[in-house]
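So the structure is just underneath, and the comments pick up after that.
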Amino acid sequence: MGDFNLTVILDAIRRAPAGLSRVELAQIVGLSPQTISNISRRLLDQDLIVEAGKEGTGPGKPRTMLRLNSAGRYAVGVHLDPAVTTFVVLDLVGAVVRNSRIKPPTGADPDAVIGIIAAEIKRLIAESGVDPARIAGLGVASPGPIDLEEGTVVDPPLLLGWHRVPLRDALAAATGLSTLVDKDVTSAAVAETWAGGPSGAGSFIFMYMGTGIGCGIVLNDEVLRGTSGNAGEIGHIVVDPDGAPCGCGLRGCVKSSCIPRVLVAQAEAAGILGGSMHPAEGTDGPVIQERFARLCAKADAGDEHASQIIERSAVLLARAVSTVTNVLDVDRVVFGGPFWSCLAAKYLERIPDLVRENSATRKIHAIEVVGTGVGEDVGAIGAACLVLEHTLAPRSQRLLLGG
């Protein structure tokens, strides 16, 4: 119970960037002033919070404000997308201390990829100047499906050759850091709740726009993972019944209609990009990212055919978004991920109105559609936030013996 109360207080302070006094904490969390005082002392002793001056203009004496100590703990995050691997070192308040990006190595050998990732993590920590003793752990955001309990990656469709790869244990052994693995879409949603500001509060879905498209889910400030940790798989929602066949046997799924590889293929068939990818390049994330960026640039520059491809994908994806928002009844839709920046202008012109028109609750409340408040590194930041969430956020399991 003591550990749970400690994390409740720490979480309340985290959610108040300006800080909270001990009196305000007692009012918010419902614990006695003595309990608040005792736990505050523990947090101060552990360097997790600091006393940040005094405030108060009323008749009583000024109150000492408590805030998170940004240098109290750090976390490392890695986002593994087939197009780009992103790394961050994050401080306790969610600020990026150091970041880097590398192109995934060619070939499908997971051991080689893991070795390169581990080397980059060590280099980044050394360059950050952070005391390794203050690093709480390593978080990894990976394409799904994943086995959350085992920390393994289980045959992601866009990571060929990754058959039950023990990513968590392999990186823990290679780096010496306590390691967590979660789905990329879930990690992005976690990032939004920790560092996204207003867009990360309440109930929302995070539409992850990467080499694949997925959905992170947050309801009443709680990230939902599902029974096996694989919630948010929207690739087989049908958005165009007469559309292209999908590997699942249906037609017009999100996966066969909206992901970057499909849009690039459409642009190549229309002669917009000039030439076409070699079949082997169709699974090469960096090649797809480069050609997709060219397609989006042409659309933004006014190329009619390029604009039609992007705008049609927005209409189709809005159907999937509306399906999810109607099922979950959320406050907003947040878009982000490594492919989001080049889509943002066109998508934010079209999708908000489409979601509003298709909303089952439009006469009761609006659904906001926004871009992420975290930035392009949202996946890696989310991975690092997994560590902070696991270490610092209140969880009901802490109330159970052995939790």
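Only the coordinates and a few stated rules stand behind these numbers; no lab work does. On a predicted model such as this, the values are computed, not experimentally measured, just so you know. A quick note on method: Cβ atoms are made from the backbone with ideal geometry, for glycine too, and the neighbour counts reach across all protein chains shown.
Across the stretch 200-373, the convex hull enclosing all Cα atoms gives 124 Å³ per residue. Between the helical axis of 2-14 and the longest alpha-carbon principal axis of the chain there is an angle of about 70 degrees.
What FRET efficiency would be calculated for the residue pair K54, K122, taking the C-beta separation as r and a Förster radius of 41 Å, to the nearest 0.05? Show your work: numbers first, answer last.
Working: r = 42 Å, r/R0 = 1.03.
Working from the Cβ atoms, E equals 0.45.
Along its principal axes, the stretch 1-119 has C-alpha extents of 68, 32, 21 angstrom, given from the largest down.
For the chain, modelled as a GNM with alpha-carbon contacts under 10 angstrom, which of P166, P17, P286 fluctuates the most? Largest GNM mean-square fluctuation: P17.
Apply the Debye scattering formula to the chain, with a single equal point scatterer on each alpha-carbon and no solvent, then give log10 I(q)/I(0) at q = 0.07, 0.14 Å⁻¹. Values returned for q = 0.07, 0.14 Å⁻¹ are -0.35, -1.24. If the chain linking S228 and A173 were pulled fully straight, counting 0.36 nm for each residue of separation and taking away their Cα-Cα distance, it would gain 17.4 nm.
The fraction of all Cα pairs in the stretch 2-68 landing in successive 10 Å bins from 0 to the largest distance is 22, 59, 17, 1, given as whole percents. So, in Å, what gap is there between the alpha-carbon centers of the stretch 197-273 and the stretch 307-338? What the calculation gives is 8 Å, centre to centre. Shown here are the Rg and Dmax of the Cα trace of the stretch 136-237, at 13.7, 40 Å.
Our analysis of the stretch 40-186 gives Rg over Rh at 1.13, with the two radii drawn from alpha carbon positions and Rh computed by the Kirkwood formula. Distance between the pseudo-spin-label points of V315 and L348 (7 Å out from Cα toward the beta carbon): 2.3 nm.
For the options T227, T211, T152, a Gaussian network treatment of the chain with springs between C-alpha atoms closer than 10 Å singles out T227 as fluctuating the most.
Compute the length gained on full extension between V23 and A112: take 0.36 nm times their separation in residues and subtract their Cα-Cα distance, giving the result in nm to one decimal. Walk me through the numbers before you get to the answer.
Working: separation 89, 0.36 × 89 = 32.04 nm, distance 5.35 nm.
Length gained between V23 and A112: 26.7 nm.
Remark: K103, K363, K122 ranked as K363, K103, K122, counting other beta-carbon atoms within 10 Å and listing the fewest first.
Around the Cα centre of the stretch 21-115, unit charges on the Cβ atoms of Lys, Arg, Asp and Glu (plus for the first two, minus for the last two) sum to a dipole of about 440 debye.
Taking the Cβ-Cβ separation of L44 and R362 as r and a Förster radius of 41 Å, what is the calculated FRET efficiency to the nearest 0.05?
Working: r = 48 Å, r/R0 = 1.18.
The calculated FRET efficiency here is 0.25.
Site pair D11 and T64 shows an inter-label distance of 2.6 nm when each label is modelled 7 Å from Cα along Cα→Cβ.
Who wins for biggest fluctuation among V324, V315, V29 in a Gaussian network model of the chain, springs between alpha carbons below 10 Å? Of the options given, V29 has the highest mean-square fluctuation.
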